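What follows is a set of notes on a single structure, which appears directly below.
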Amino acid sequence: MDASLPVAITNYIGLSAVIFFIGVGGVLLRRNPLIMLMSIELMWNAANLLFLSFAKMWLNNAGHIFAFLVITVAAAEAAIGLAIVVIVFRTARNVDVDEVALMKG
Amino acid sequence: MILFWILGVVLVASAMWVVTAKKPIYSVVGLLAHFAALAIFYFSLSAEFLAVIQIIVYSGAILILFLFVIALLSSGTAAFATGPNKMPRAAIPAALVVLIALVFLVYGVSRTAFTAHAITVSATSAAGAVGTANVFGSVDDFGKALFTTNLLPFEITAFILMVAVIGVVLLAGDATPYVATKRRARAVERDMRDAILRAGEE
Amino acid sequence: MGVDGSYPMLFLIWLLPLAGAIACWTFGPQLKRNAGWLGSAAILIAFVATLLSWGAAQQNGGQTVGAHQALFSWLPGFDFGLLLDPLSLIWVLIITGVGFLIHLYSIGYMYTDNAIARFFAYMNFFVFAMLTLVLSDNFVGLLIGWGLVGLASYFLIGFWFFKPSAVAAARKAFVINVVGDVGIMFAVFVLFAKVGSVGFGDVFANVQNLGGWLIVVCVALFIGAAAKSAQIPLHTWLPDAMEGPTPVSALIHAATMVTAGVYLIARCWPLWNGSADAQLLVGTIGGLTALLGALLGIAQWDIKRILAYSTMSQIGYMIMGVGVGAYEAGVAHFFTHAFFKACLFLGSGVIIHELSDEQDIRRMGGLRKRMPFAFWCMLAAVLAICGIPGFAGFYSKDRVIYGALQHGHPWLYAVGIVTAGITAYYMFRLFFVTFLGEYRGKVDPSLLGMQPGEREPHAAHAEHPPVWIMNVPVGILAVFSVIGGYLLIGGENSPWAKFFATTFAPELVVTPAIGEGLTTAVVLICVVAGILVAYSRYATKAALGDAVVRLQRESVRLPAVLVNRYYFDDAIEWVFVRTSQLFGMLFGRVLDPHVIDGAVRETVISSRWLGALVRSFQTGLVRAYALVVVFGAACFIVYYALIGGVAK
């Protein structure tokens, strides 16, 4: 085992995977767009957690840089996503994603 | 090690709370707890700067944004998610496949497990890294890496944020139609003025 | 590569008719009848320029003879230029000289036609096209001219486009000519593939490279020559082409265009010299056409059709001459034929004009007193075509007939002699029926054996042009019909032979058992026999006395095989037209609606079905899309887990 980590890296991977799939489940199962967006945030954070774990393991701060980038992109995504929710609500008067199916072929 | 397990339980529990909450406002509370626990976790992984960023950006900015939107949307009378569930039946077997994939993942990871192979690589790659082992993860270390080696990605970050800001302004900023040229802008103004005048006459 | 050199006079000769055509076409409404003078002047200047180029065409420039003017180079092997050598000089002289006379004549003939400017635009355009054909120094330029004369011929045959028969004749001529164009095109392809150049000089210098392809090239070229020169079996368009105005028949379908095939073979003589089989083929077809054309001439009543079959027969002579290797003789016959045949056509045009568009010789007769000038001119031309000593045709036709024997084709020699007799018969039949006896124009057509569907005369013209303008060209041509052959007097030492000494390489000639004097005598006996038969049937006192009855009897008794022109048109109708229609029906009723449309329909149905299938995936539900993404990610995870588990 690597001395720089308190527990085996496998545990970090497992924890990250569990959080990530909770996020996936949230996106797939919930119909409220806000909760879906929050679930996406969970997934971003699961990825970040893994980045930092590996950075600690390798003692290489490239993982920190990546986590920083991820936070930036997550912030941008949240802003855009919420804006979309707002305009959809304006036009459709509804926040059920199943009701907003204009792209149906 | 104890910290890991405690935080792990908190993280999973708060994530479940986010996903299962009835109202989005509860989810936000769960997410706040999740982010706080994560920040502590980052400290334990010697990522001091990112822990602070996590608190400031996520808890401070993104969650507040969520709260605003929830407040905005709740002001109307419409309820959330009142319609029928329209997910196709095919989703059930698909979800099953995903679950099986998950099992494979756990299986595969436990097989390889980053054991001897991982550690031998670790020693060599760490020596050439930008940061040094004794100050690893410090703000000083992170800042040097961000503004020297990774300057270009940092600049790109600025660009991404700018694009996001412009996108949000365009999408949700103003209810008036976007006007590409001055000529069209004048035409829109004239139309609106005429409409007002007509309304006044009536 | 083309021969270097510069002779700008060729531009004048070549482009002046085009300029005349454009001017007549553009300013037709302003020029009106003056268009005729403009068009004629353009041709006259070209003719004078050609005469001035006489010396230049004969200058010996080492490897090549004649004046050359480079135009431009396109790709390697495609150098375009103009070449005036003795061979093309003869053609250009006839085209511009006889062409000018016919233009002059047309001013009178087309006097009352409203579209006279259009007529002269076409005529000048034709001269330009024909000059392109004969002045070109390469096969591609020749082919371009070849196509353009076909186009001009189409325009002029269908000049009276309000007559359905004229339109049909124009279309027929064009289609058959295109068959020939394809043959020449194929020959050019082969030549370029084998030689790498389309210039005449390069091709003829590399004849030995062609090997087995030589015969293919010769046959392909001959298909073109046969279509243009109305050789069997591609001759059926020529009689129909007489639907055009008579000057057109004289210029295009007697004097110039139809002899383009003769020009092509004379121009490509090195190819024919290299292939005895090709010589035999071309000579045989030529002889056959001469004989069959002459036989068809016997059974016609329409004056222009008789002349058309006579043209076909005479071109058969020319083709036979150049085919067997007697190039100089074939070209000589072209030279004299241009005069006497143009004279015959223009003379008949005078008659037709005088009789208000009557063309049936049964309704003529007794015109000697009414039109003495036409009588004497026609007589000169008829004697010339029959080959009476002292007239042009005598010298050239004998040369062709004797040439066949000299080059080892005794059968063609015999055919030539027999045809000469038949020619004498049908030409004098035409002559006697037209000019002797009483005028039969007032006789009821049915009494003359005419079928109800046959041509009726048009209403008489109100105004008439000055007579001299039509008579002068006829007179000049009649004079040349007499003296045109004197160039040939003297055999090997004649001016004609000297003129062509540098053009055609001397070829191995068999010394025949029969001498030239004896041949002449035999031919003459046949000719006189033919004339006597014609005389006894149409010109004796008894025959002239009951001409109406006799003509009626002959009309009824004409052999069906001749009246129906050997059933060539019917054969073409059955073999090509009907089978094409059958194929058309097959494609139209079965293949197109069921196979091709069916394929399209099935494609539409299946793509619609596929679209419906794919569309069902587009639920519009964000979560469904997310599920697909997750599913894809899961696949990746499984893949990498397996790789990691197995390989590492």
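Read-outs throughout are calculated quantities, based only on the coordinates presented, and are distinct from any laboratory measurement. All values derive from a computational prediction rather than experimental measurement. Positions of Cβ are backbone-derived with ideal geometry, glycine not excepted, and every protein chain shown enters the neighbour counts.
Please compute, for peptide A:16-28, the average count of beta-carbon atoms on other protein chains lying within 10 Å of each residue's beta-carbon.
Mean shielding count: 6.
Counting partner chain Cβ atoms within 10 Å of every residue's Cβ in B:34-42, what's the average?
3
Order these by the 10 Å Cβ neighbour count, fewest first: A:MET43, C:MET320, C:MET364, B:MET16.
So the residues, fewest neighbours to most, are B:MET16, A:MET43, C:MET364, C:MET320.
Sorted by packing (mean other beta-carbon atoms within 10 Å per residue), highest first, where do C:400-413, C:14-27, C:561-574 land?
C:400-413, C:14-27, C:561-574
Please turn the phi angles of the stretch C:234-248 into ³J(HN,Hα) values with the Karplus equation 6.51 cos²θ - 1.76 cosθ + 1.60 (θ = phi - 60°), one per residue in order, whole Hz, x for glycine and proline.
Listing the rounded values in order: 9, 9, 5, 6, 5, x, 5, 5, 5, 5, x, x, 4, x, 5 Hz.
Show the residues, 5+ positions off or on another chain, whose built amide H is closer than 5 Å to the amide H of C:SER136.
C:LEU83
Under the classification rounded if a/c is under 1.5, otherwise prolate if a/b is larger than b/c and oblate if not, where does the stretch C:23-88 fall, given a ≥ b ≥ c as square roots of the Cα gyration tensor eigenvalues?
Judged from the Cα gyration tensor, the stretch C:23-88 comes out oblate (a/c at least 1.5, b/c at or above a/b).
In nanometres, what is the gap between the two model label sites at C:ARG33 and B:VAL97, each 7 Å from Cα along Cα-to-Cβ?
Placing both labels 7 Å along Cα→Cβ, they lie 9.3 nm apart.
So for chain C, averaging the separation of alpha carbon pairs under 8 Å that are six or more residues apart and normalising by length, what relative contact order in percent results?
It rounds to 12 percent for chain C.
Which whole-Hz ³J(HN,Hα) couplings does the stretch C:76-91 yield from phi under the Karplus relation 6.51 cos²θ - 1.76 cosθ + 1.60, θ = phi - 60°, glycine and proline marked x?
In residue order, the calculated couplings are x, x, 10, 9, 9, x, 10, 9, 10, 10, x, 5, 5, 4, 4, 5 Hz.
Tell me which residues come under 5 Å, amide H to amide H, from A:ASN61 once H is placed; ignore anything under 5 positions away on its chain.
Counting only residues 5 or more places away or on other chains, the set is B:VAL130, B:GLY131.
Please turn the phi angles of the stretch C:13-21 into ³J(HN,Hα) values with the Karplus equation 6.51 cos²θ - 1.76 cosθ + 1.60 (θ = phi - 60°), one per residue in order, whole Hz, x for glycine and proline.
Per-residue couplings from phi come out as 4, 6, 8, 4, x, 5, 4, x, 4 Hz.
Peptide B:149-157: average number of partner chain Cβ atoms within 10 Å per residue?
So the per-residue partner count for this stretch is 3.
Please find the FRET efficiency linking B:PHE43 to B:ALA195, where r is the Cβ-Cβ separation and R0 is fixed at 35 Å, and quote it to the nearest 0.05.
0.05
Near the amide H of C:SER73, under 5 Å away, which other amide H atoms are found, from residues 5 or more places off or on another chain, if H is placed in the peptide plane?
Excluding prolines and chain starts, which carry no amide H, the hits are C:PHE80.
Given a Förster distance of 22 angstrom, what is the FRET efficiency for C:VAL595 paired with C:VAL182, based on the Cβ-Cβ distance and rounded to 0.05?
Step by step, r from the Cβ atoms, then E = 0.20.
Rank by packing, highest mean first: peptides C:598-607, C:390-399, with packing defined as the count of other Cβ atoms within 10 Å averaged across residues.
C:390-399, C:598-607
Mind computing the radius of gyration and Dmax over the alpha-carbon atoms of chain A? Å is fine for both.
17.4, 56
Compare the peptides C:216-224, C:141-149 by average per-residue count of other Cβ atoms within 10 angstrom and give them in order, highest first.
C:216-224, C:141-149
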